[in-house]
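Step one of this worksheet: look at the structure below.
The values are calculated or read from the model by the stated rules, or taken from the named source; none is laboratory data. Given the structure is predicted, the values throughout are model-derived calculations rather than measurements. Note: ideal-geometry Cβ built from the backbone for every residue, glycine included; neighbour counts use all protein chains shown.
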Amino acid sequence: MIKLLKAHGWRLVFVIGHLLMGYALAAPVRLNFYFNAKPGIDLLTDVLLTTALCVLGFKWFKEKAPGFIFTIPFLALIWLRLDFLLFSMSAWWSIVSYLLFAAWALALVALWSHFKPRFLFAKHLLLTIIIGGIGFLWGLTDDQYLLSIVVACLFFAVLPLAGKNEVDGQGLFNGKLALVLLLTPLLIPLNLDKPIFFQSQKRHHDKIVFSQQTRFQRLDVTVWKGNYWFYQDDINHFSSIDPWLYYEPFVHPAMHLAPAQPRVLIIGGENGMLANALKQYDISSIDMLPIDWEYLEIAESNAFYTSQNEGVFGKLPINVIAHSSFRWLNKAKAAYDVIFVDVPDPIDIELNQYYTQEFYNLAHQALTTDGLIITQSGSPYFATAAFQSIEQTMKSAEYAVASFHNQVLSLGEWGWTLGTKSGIDPNKKLRELTFEGIETQWLNQEAMQMMLSFGKPYVSGTQVQVNTIQNPVIHRLYKQGNYQLN
């Protein structure tokens, strides 16, 4: 067996290397056809570049580095890595792709230079196309990570056994090159990120530029014509195209009803967008109770998020509290003037708890006498019963309630529910707000009055149950939407 491998090990290197290279080539080609309006032009450029360098390479490269054959599998692994890292940087992605095509062409020259008789050259050229084509078809599947590791392991297992060329008796690598190639796999495979953008891409039409799974949720960022959309578990939460249409109604009405120099608590709000909208106010203190700590860390450092929240976590003195929201509210007696509840929709039982009577009762005792709470409450038209249930649940916790809504271009119709502890109906005060003294991109008195108008309700609020931990009606109503309502 050892003798067989020594005699024909170079054949295994040839087959596995080209299989892996064909597999890696599928990644840029796949992305090119998915996102480019004229993918044929880039593909033709890649083919012409490779062909030209193959022809030119025979004149000056074939005698200089015959061992360059062993870069083929490494190019494939690096290609997958760079596709993941540079996917969002269109210019660099194209440049690096051209450079990798060039390196591949030179590797082919180094390989083919060993087959001097013309019939051997033609045979191995044909094998290159066939084997690379098989790898390419394999690479069109979604199992991108596992295949690269398996093939790489096979390659590195036979690398030390690669023998001499049967045509001219020359070895395919020298000692120094072998040492470098044997040390490289210790660094490359361990540093490979699983290209999860492929997994997330099939869930989104726009190009995925960032994707990460936290303990609680999957975060995706997509791009279209220079604007970004930010998703949590496939639900769009905000976009760079119109964040003010969501956060101005969320923040400014509550802050204008709050006492001077308020003490603020943010529950959720890990993306930093709500906190950034508070920068215009003279605030005594800001506490934050994040639900997803990994999300908070991403929003503090990731360029896609910091470009939107303006690096607010490094500018405002935000006190991030390492407590569960329920425990903290239970111990915080009359500690806050405003509580913002910026948590995802109640898509599951765990998130449903932030819309329950028990939660609002705890928030009630944590507010000062003139304090208020505001929560995002979904769409009043696509999940009307759930929206109405939030309002009824907040009323059951002894708040005077006002609901309002706005058409957000990137989200659709969205709503918020505000409750005051004093028991004074906030609707009249909200209609009178002029928002003078702050900068807004859309919100003014006319807009506020419009947001408070709903027209004839699709579902009567008196028919909707109060949401509790034991009876999580909002979760069921949200999942149901309006499709099954009579």
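Remarks
- Within region 358-373, at least one residue is in the same structural domain as G412 (by TED's automatic domain parsing), polar (S, T, N, Q) and in a helix (DSSP H, G or I).
Each row is one residue, and each column tells you yes or no for (1) buried (at least 21 other Cβ atoms within 10 Å of the Cβ); (2) closer than 17 Å to K421 by Cα; (3) free of Cβ contacts under 8 Å to residues at least 12 places away in the same chain; (4) of a type in the set (S, T, Y).
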| site | (1), (2), (3), (4) |
| --- | --- |
| L316 | no, no, no, no |
| F326 | no, no, no, no |
| L329 | yes, yes, no, no |
| P346 | yes, no, no, no |
| N361 | no, yes, no, no |
| H364 | no, yes, no, no |
| S389 | yes, no, no, yes |
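- Residues (in a strand (DSSP E or B) and not hydrophobic (A, V, I, L, M, F, W, C)) located in region 409-430: G412, E413, G415, T417, G419, T420
- Taken over region 270-280, the criterion of being among the small types (G, A, S) and assigned to a loop (DSSP other than H, G, I, E, B) is satisfied by G272 alone.
- Residue in region 388-408 that is assigned to a loop (DSSP other than H, G, I, E, B) and under 35 Å from the mean Cα position of the chain (by Cα) present: no
- Residue in region 400-419 that is surrounded by fewer than 17 Cβ atoms within 10 Å (Cβ to Cβ) and more than 25 Å from N276 (Cβ to Cβ) present: no
- Residue match in region 281-297 (condition: touching a residue at least 12 places away in the same chain (Cβ under 8 Å), crowded, with 17+ Cβ neighbours inside 10 Å and small (G, A, S)): no
- Filter pass, V338 being crowded, with 18+ Cβ neighbours inside 10 Å and either hydrophobic (A, V, I, L, M, F, W, C) or touching a Leu at 6+ places or on another chain (Cβ under 8 Å) (or both): yes
- For region 411-452, filtering for residues that are in contact with a helix residue (DSSP H, G or I) (Cβ under 8 Å, 6 or more places away or on another chain) and closer than 24 Å to Y231 by Cα leaves 7.
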